[in-house]
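Report on the following structure.
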Amino acid sequence: MLRLVIWLAAGIASIVITVLAFLPASWMSSVLETQTAGRLTLGDTQGTLWNGSAFIGGAPSGRDPVTPLLPGRFSWRLSPMVLLGQVDAELENAEALSQPIRITGSWHQWQVNPAGISLPAERLAGLGAPLNTIQPSGRMRLSWNPLQLMRQDDKIEVTGTMNLEMTDIASRLSPVKPLGAYNLAFDWRGQQAQLTLTTVNGPMLLNGSGVFANGRLQFSGKAEAETGQEERLANLLNLLGQRRRQGGKDVIALEFK
């Protein structure tokens with residue numbers, strides 16, 4: 001009887017290990033969709049949960065196929081030690097990432113190494129309004145210093161800084177190309193980040209500050225045209241917000257609440 005129990009236990013363990021070893025990479029899609037509130041998903045997933053690859057796309061609407069938002073395919077490696085509470089994962093994409101991203105820690109706390117990711121502005125139109133109307137183009141790069149992440153009550157707290165560089169930004173709605181270069185800094189402290197937007201150069205001037213918390217953005221700033229470009233930028237600026245008079249000059253109030 002004892003021998004039968006041992007063989008039965010060994011058989012069940014073998015089945016569990018086999019199932020875990022071949023869990024499909026598509027399981028990662030539900031994880032990404034959950035963490036991004038359905039805004040992002042994975043397309044053309046290949047491999048397993050432990051070693052797989054896919055491209056990142058915007059969540060499809062209706063029967064529309066998933067379209068890539070970022071260049072290249074992301075491949076990942078996840079150590080099975082995660083089942084014992086030890087996280088060790090690596091994410092690679094030579095076309096988009098400045099270097100592989102390494103994530104280490106436990107079930108509740110992780111460390112992410114410094115890196116950067118290229119974000120083609122053209123593909124942001126897939127995220128919906130107002131970007132699908134403005135149709136932005138240009139180059140963007142999001143970089144970060146070492147990040148500390150912690151799970152608290154099913155929410156993620158982040159400590160660290162990020163920086164979004166936007167270069168040669170243009171729009172199909174404006175004859176002025178490029179509109180300029182901009183910088184958006186994030187200072188993460190727990191479940192919210194302080195944001196600061198500044199203009200590096202360009203005929204369209206943007207600046208402001210705000211807070212991103214609980215998936216919502218509160219931002220207050222202004223957009224205005226460089227002297228001599230007011231008429232050429234009028235149509236685009238009117239799409240960004242309400243016009244008001246400030247310091248004897250027309251500016252657009254950038255308000256998101």
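Rule-based calculations on the coordinates, nothing more; no lab input. A quick note: this is a predicted structure, and the numbers were derived from the prediction, not measured. Please note: Cβ atoms are built from the backbone with ideal geometry, for glycine as well, and neighbour counts cover all protein chains shown.
Panel note: the C-alpha atoms of segment 194-257, placed on their principal axes, show extents of 40, 23, 21 Å (largest first). Full extension of the chain segment joining Asp187 with Arg243 gains 17.2 nm, where the gain is 0.36 nm per residue of separation less the Cα-Cα distance.
Please give me the summed charge of the neighbours of Pro203: other residues whose Cβ is under 12 Å from its Cβ, Lys and Arg +1, Asp and Glu -1. Neighbourhood net charge equals -2. Of the two radii for segment 98-242, the radius of gyration is 1.02 times the Kirkwood radius, both from the alpha carbons; that is the Rg over Rh value. Here the alpha carbons of segment 180-226 define both size measures, Rg and Dmax, at 11.8, 37 Å. Shown is the FRET efficiency for Asp153 and Lys257, computed with R0 = 22 Å from the Cβ-Cβ distance and rounded to the nearest 0.05: 0.30. Charged neighbours of Asp88, selected by a Cβ distance under 12 Å, balance to +1 (K, R count +1; D, E count -1).
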